[in-house]
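In what follows, a structure is listed as structure tokens, so that the remarks can point back to it.
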Amino acid sequence: MTRNALLRHAAAGLGLPPAMPQPDEAALFLDLDGTLIEFAQTPDAVIIDDHLPSLLRDLAGATGGALAIVSGRPVAAIDALLGLPELAVVGQHGAEVRHADARMEQTVTATPELDWAREQVMALAPAAPGLLIEDKGIALAFHYRESPRVEPLARELAALALLRAGAGFELLHGDFVIELKSIRVDKGRALAALMTEPPFAGRQPWMLGDDFTDEPAFAMAQALGGTGVIVGARQPTAAHASLADVAAARAWLACVAAHEHRSEAAA
């Protein structure tokens, strides 16, 4: 990490950053929003700088392809942002997975119960200014970052959606968002599944994330002998290591990618 990134980390009271893994022994699982990119008022307003795709390509090369983006966004939305369709991707918290061999898998599908919940919620949406309801097809997300004062309404509508959708669904609370999703998926299960396949199998999993939605993946990575790294100061967390912010996370990842080049030069 750079000196400035280390100073930000220390100022945040987070202690030392995580150790540096050997790229050829590590499997990297990276959340997107709040970890690799800064949050924006709405999901569509995020900014992807030119350096991020280059960093991810370098990391994929250093790890022999054992790199996956793990996000609540749909896979198609992640591809539109990053322009890296060759990467393994976990979308919608594990409801969609693009494997390292490019095989696509959808672990859940839309149901009549979710259709009913969507119909009920969308009928009320015009009366909820400041609340963005994102229809993901197999999930509904209630965003209120643009207007935090509508959080009570977001919670009320999310609870109504859960009531209509039934026992096969749950509410996942994140950073200024509440998501109605299938109980059959979470980031931890998706991470565990990828760890059974090449090029991830046999490596040490490292999960970087910032939100409550990343907690199952932190726990799973550590259960499999790896490390969970929380980005930011949120507590409590299952993660065993921390980085202060998006800038510190990207600086740390750049060092991981550069470590491979240093190793090759020394050989």
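The values are calculated or read from the model by the stated rules, or taken from the named source; none is laboratory data. For clarity, every value in this text was computed on a predicted model and none was experimentally measured. Note: ideal-geometry Cβ built from the backbone for every residue, glycine included; neighbour counts use all protein chains shown. We work out accessible area using only protein heavy atoms, side chains counted, and drop any ligands, DNA or RNA first. Shrake-Rupley method; radii C 1.70, N 1.55, O 1.52, S 1.80 Å.
Just want to confirm a number: the relative contact order over region 64-195, from Cα pairs under 8 angstrom separated by 6+ residues, in percent. Once normalised by length, the contact order is 21 percent. For region 27-177, the Cβ-based charge dipole about the Cα centre amounts to some 240 debye (Lys, Arg positive; Asp, Glu negative; other atoms uncharged). Placing a label point 7 Å from the Cα of Arg57 along the Cα-to-Cβ direction, the residues of region 67-95 with a backbone N closer than 14 Å are 82-87. Our helix-only sum for the chain, with -39,500 (n - 2.57) per DSSP H run of n ≥ 4 divided by its residues, gives a mean residue ellipticity at 222 nm of -11000 deg cm²/dmol. Among Arg184, Arg98, the order of accessible area from largest down is Arg184, Arg98, computed with a 1.4 Å probe on protein heavy atoms. Within the listed set His240, His99, His51, the residue fluctuating most in the Gaussian network model of the chain (springs between alpha-carbon atoms under 10 angstrom) is His51. In region 159-232, inverting the average of 1/r over every pair of distinct C-alpha atoms gives 13.4 Å as the Kirkwood radius.
Taking every C-alpha pair closer than 8 Å and separated by at least 6 residues, the mean separation divided by the residue count of region 29-77 gives a relative contact order of 49 percent.
A full extension of the chain between Cys255 and Glu119 corresponds to an added length of 44.2 nm, given 0.36 nm per residue minus the alpha carbon distance. Out of Gly34, Gly91, Gly209, any idea which swings most in a Gaussian network model of the chain, alpha carbons joined below 10 Å? Largest GNM mean-square fluctuation: Gly34. Residue separation of Glu146 and Thr107 scaled by 0.36 nm, minus their Cα-Cα distance, works out to 10.9 nm of gained length.
Under a GNM of the chain (C-alpha, springs under 10 Å), which listed residue has the highest mean-square fluctuation: Asp135, Asp245, Asp44? The residue with the greatest mean-square fluctuation here is Asp44.
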